[in-house]
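So the structure is just underneath, and the comments pick up after that.
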Amino acid sequence: MKLFFFLLIIFSNTLIFAQDGIVKSYYINKNLRSEISYIAGILDGTSYWYHENGNLKEEKTYSQGKLNGWIRSYSEEGLLIEEFYVEDGIKDGLHKLYYNNGGLKEVRSYELGKLVKIVNIDFDENYIAPITAFKGGIRQESKRSKEQEFICPVEICPEPLGGMQSIYKRLKYPEHAKLYGLQGTVTILASIDTTGKVRSTKVVKGIGLGCDEAAKEAIEETRFYPGKDKGRAVETEVVLYVQFKLDELYTTANINKENVLSRNIEEPLNIDYSQPERSEPKVESQPKIDKTLELSKERKEEDSYKVSSLYKDDYFECSLDKCAMPVEGIKGILNNLVIPKRTIEKNITGIIEVMVTVDDNGYVRNTKVIKGLGSGADEAVEVAILETKFQPGMMNGENIRSDVLIKVPFRIEK
């Protein structure tokens with residue numbers, strides 16, 4: 001009887017304390033640390049972990065306590081650094097690792113938990129991750145910093161990926177300024193293009209002793225969300241305030257507080273971003289605009305995988321004079337193709353479309369399946385392409401880094 005009551009108490013406690021739904025935890029600064037998904041106390045669904053700056057750190061999908069789905073890890077800036085797929089606790093497909101600049105580093109091919117092949121890719125120092133590469137990990141796009149106001153002439157101002165903290169991570173406090181205890185705010189006018197790159201910087205108000213140059217350098221090394229006007233990315237200018245503030249311990253230990261220089265901005269900036277009024281000519285009648293054509297054009301511009309073809313044949317499509325191609329043509333890819341057993345068993349056949357990035361030396365830098373067949377066929381084709389040597393794409397007689405859409409015929413020889 002005692003045993004019965006003892007077991008009953010344990011069972012009751014299990015029911016009381018079994019977690020259900022999304023369980024959240026937080027950092028000391030009140031930023032979200034994690035969102036863990038439970039059903040009846042068991043991990044189930046997709047769970048998220050975050051960096052202290054608010055960006056996504058890791059995401060894992062569970063089913064009844066087992067990993068079952070995509071596992072992805074991200075850097076503090078929001079770039080993908082690792083991704084792989086797990087089915088019922090077993091790795092399957094491609095395990096991809098990335099360099100800190102977003103370039104592909106290594107691809108490991110798994111078939112039902114067994115490591116089949118590893119492909120290593122050399123570091124590409126010229127690679128600059130496109131703005132779309134940050135979309136998975138960045139979770140701050142809709143947030144505005146309470147401490148920082150951005151001034152610009154468009155609807156949505158450019159903002160640093162990862163917030164102002166990403167600039168401060170790159171900011172080097174000049175030793176000369178430290179020696180004199182200089183503190184204050186440097187105001188910079190930065191020009192940001194439609195891809196989020198900094199095109200130019202100009203000091204609007206400085207504090208001297210090397211701080212102005214340090215602020216410019218930190219901003220120039222930072223990637224931004226581009227400014228937006230009427231829903232589209234535009235090149236624009238933005239005013240940024242970079243604060244130089246000495247650590248209190250450093251100030252107390254090294255400098256008499258009476259000697260600390262403070263050069264903060266007291267008067268507001270007079271930057272007029274208002275647009276001058278234009279007198280439009282009076283038009284009595286206007287031609288009718290086909291809205292369906294406009295919508296079609298917008299969709300083409302938004303779709304990053306559509307190719308405006310200058311060159312096209314049965315297998316290769318690109319927007320160059322000549323596409324990047326395997327040295328041996330499509331045969332070069334097919335010769336490297338290792339077909340998984342389950343693909344053979346299911347007799348998978350068809351066309352697999354892959355967007356491939358090839359540098360100006362003919363090395364494959366990235367692959368992405370646009371249209372696949374599944375059952376391991378897509379991953380096998382990606383690995384085959386990564387192992388294939390290419391001739392670089394050409395434009396105006398010069399080799400250039402480019403993307404090419406490759407249509408790979410996948411069939412099983414009997």
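The values are calculated or read from the model by the stated rules, or taken from the named source; none is laboratory data. A quick note: this is a predicted structure, and the numbers were derived from the prediction, not measured. Here the Cβ positions follow ideal geometry from the backbone for every residue, glycine too, while neighbour counts run over all protein chains shown.
Some observations on this one:
- Looking across region 194-233 at every residue that is touching a residue at least 40 places away in the same chain (Cβ under 8 Å) and within 15 Å of Ile151 (Cα to Cα), the one that is surrounded by the most Cβ atoms within 10 Å (Cβ to Cβ) is identified as Gly227.
- Candidate set from region 181-192 (those that are at negative phi and over 33 Å from the mean Cα position of the chain (by Cα)); member that is modelled with the highest pLDDT: Gln183
- Strands (runs of 3 or more DSSP E) within region 193-285 that include 1 or more residues modelled with pLDDT of 85 or more and among the aromatic types (Phe, Trp, Tyr): 236-244
- Any chance Gly372 is in contact with a Lys or Arg (Cβ under 6 Å, 6 or more places away or on another chain), buried (at least 16 other Cβ atoms within 10 Å of the Cβ) and farther than 19 Å from Ile128 by Cβ: no
- Close pairs from region 108-131: first surrounded by 11 or more Cβ atoms within 10 Å (Cβ to Cβ) and at pLDDT 85 or above, partner hydroxyl-bearing (Ser, Thr, Tyr) and assigned to a strand (DSSP E or B), Cβ under 7 Å, at least 6 apart: Val116/Ser109; Val116/Tyr110; Lys117/Ser109
- Single match in Lys60, Lys91, Lys96, Lys24 (criterion: at pLDDT 85 or above, crowded, with 19+ Cβ neighbours inside 10 Å, under 26 Å from Gly163 (Cβ atoms) and not assigned by TED's automatic domain parsing to the domain that holds Arg401): Lys60
- Count of region 70-86 residues which are assigned to a strand (DSSP E or B), buried (at least 16 other Cβ atoms within 10 Å of the Cβ) and either at pLDDT below 85 or not charged (D, E, K, R) (or both): 8
- Members of region 386-414 found to be farther than 20 Å from Leu320 by Cα and buried (at least 16 other Cβ atoms within 10 Å of the Cβ), listed by number: Leu386, Glu387, Thr388, Phe410
A quick yes/no check of all residues on (1) within 23 Å of Arg108 (Cβ to Cβ); (2) touching a His at 6+ places or on another chain (Cβ under 8 Å); (3) at pLDDT below 90:
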| residue | (1), (2), (3) |
| --- | --- |
| Asn347 | no, no, yes |
| Ile351 | no, no, no |
| Met355 | yes, no, no |
| Thr388 | yes, no, no |
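- Conditions (1) surrounded by 15 or more Cβ atoms within 10 Å (Cβ to Cβ); (2) more than 28 Å from the chain's Cα centre (by Cα); number of the one not met by Lys341: (1)
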